[in-house]
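**Q** One structure, pasted below without further comment.
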Amino acid sequence: MHVKQTIAIIGATGNMGQAIAKSLAKEENRLLLFSSNLQKAQLLAEEIKSNNAAVEVEGIACPVDASWEADIIILAVPYQAEAETAKKIKDVARQKIVISISNPLNATYDGLVTSADTSAAEELQKLLPDSKVIKAFNTTYAADFAQPVIDGKQTDAFIAGDHSSAVTVVEELARTAGFNPVIAGPLAVSRTLENMQLLMIQLTMKYNYNWHAGWKILHN
Ligand SMILES: NC(=O)c1ccc[n+]([C@@H]2O[C@H](COP(=O)([O-])OP(=O)(O)OC[C@H]3O[C@@H](n4cnc5c(N)ncnc54)[C@H](OP(=O)(O)O)[C@@H]3O)[C@@H](O)[C@H]2O)c1
């Protein structure tokens, strides 16, 4: 039997925050949804409950309280907002899993704002030195969560991290969300994962994938 885990989603009413919240809304998870607009977070919690009354989910007015109560913290905010968010939650996020989902895109989507020798995830780890930062869900579009099977294949969800027990926990979250988890390597592999999604975004615009596309490794 699963021990119930508490998951805080910061930026819960954004595209990704909502998608992740709905996907992880299972009885084994307690969800704390933080948005700067509490009413929007509460409405999302109600919507989730109306689909499954057994799910414990609530909107919460403070990211520090949400992170304090959580076992796992998901930062579903733009890369540019991560430093400010990390500063707020640093003390209460100690020893906890913090999931970096961001793609640090530049304004024209033709490059990343991070330099080649780092990644958004590694920068977040520097800001939260006592937390276990794990890269996940940056290679899956928000729309993929509602339909993780695309063209008959289960989308891969790549995960990178330096703490193996934390990677295992996040692997299970990816599976719960309906994806095929692929453990890509240590946190520094986030450089590749973030560049992969930059390419995916460029290809999505070029070939008109309608923002519902994903990666799949074909293998025997
Ligand atoms: N969209 C995708 O398909 C996709 C796929 C993979 C990864 N990602 C990554 O996921 C993250 C969220 O993307 P999104 O598409 O969900 O963006 P979004 O729809 O704009 O939502 C981001 C949320 O972050 C919060 N936020 C915005 N600016 C903030 C600030 N300055 N300080 C604190 N919070 C702020 C807002 O929440 P409140 O105002 O409600 O608090 C907003 O709802 C990004 O890092 C992105 O790179 C997105």
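**Q** Evaluate the stretch 29-37: report whether one residue or more is of a type in the set (S, T, N, Q), within 8 Å of the ligand (Cβ to nearest atom) and touching a strand residue (DSSP E or B) at 6+ places or on another chain (Cβ under 8 Å).
**A** Within the stretch 29-37, one or more residues are of a type in the set (S, T, N, Q), within 8 Å of the ligand (Cβ to nearest atom) and touching a strand residue (DSSP E or B) at 6+ places or on another chain (Cβ under 8 Å).
**Q** Next question. What is the one condition in (1) more than 10 Å from the ligand (Cβ to nearest atom); (2) at pLDDT 95 or above that residue 3 does not satisfy?
**A** With (1) more than 10 Å from the ligand (Cβ to nearest atom); (2) at pLDDT 95 or above applied to residue 3, the lone miss is (2).
**Q** Next question. Pick out the one residue from 100, 119 that is more than 8 Å from the ligand (Cβ to nearest atom), touching a residue at least 60 places away in the same chain (Cβ under 8 Å) and closer than 23 Å to residue 19 by Cα.
**A** Exactly one residue qualifies, and that residue is 100.
**Q** On to the next question. Considering each of 153, 132 in turn, give the residue that is away from the ligand (no atom under 11 Å from the Cβ) and farther than 19 Å from residue 218 by Cβ.
**A** Answer to the selection: 132.
**Q** Can you tell me how many residues within the stretch 38-59 are of a type outside the set (D, E, K, R) and more than 16 Å from the ligand (Cβ to nearest atom)? So that I can check it myself, show each step before the final result.
**A** From the stretch 38-59, those of a type outside the set (D, E, K, R) are 38-39, 41-45, 48, 50-55, 57, 59; that's our starting set.
Remaining after also requiring more than 16 Å from the ligand (Cβ to nearest atom): 50-55.
Summing the residues that are of a type outside the set (D, E, K, R) and more than 16 Å from the ligand (Cβ to nearest atom) in the stretch 38-59 gives 6.
**Q** Tell me, which helices (runs of 4 or more DSSP H) wholly within the stretch 124-220 include 3 or more residues that are crowded, with 23+ Cβ neighbours inside 10 Å?
**A** Because the criterion is at least 3 residues that are crowded, with 23+ Cβ neighbours inside 10 Å, the helices (runs of 4 or more DSSP H) in the stretch 124-220 that meet it are 164-176, 190-207.
The values are calculated or read from the model by the stated rules, or taken from the named source; none is laboratory data. What you see is a predicted model; the values in this text were computed from it and never measured. Because the Cβ atoms are built from the backbone with ideal geometry, glycine has one as well, and the counts that use them run over all protein chains shown.
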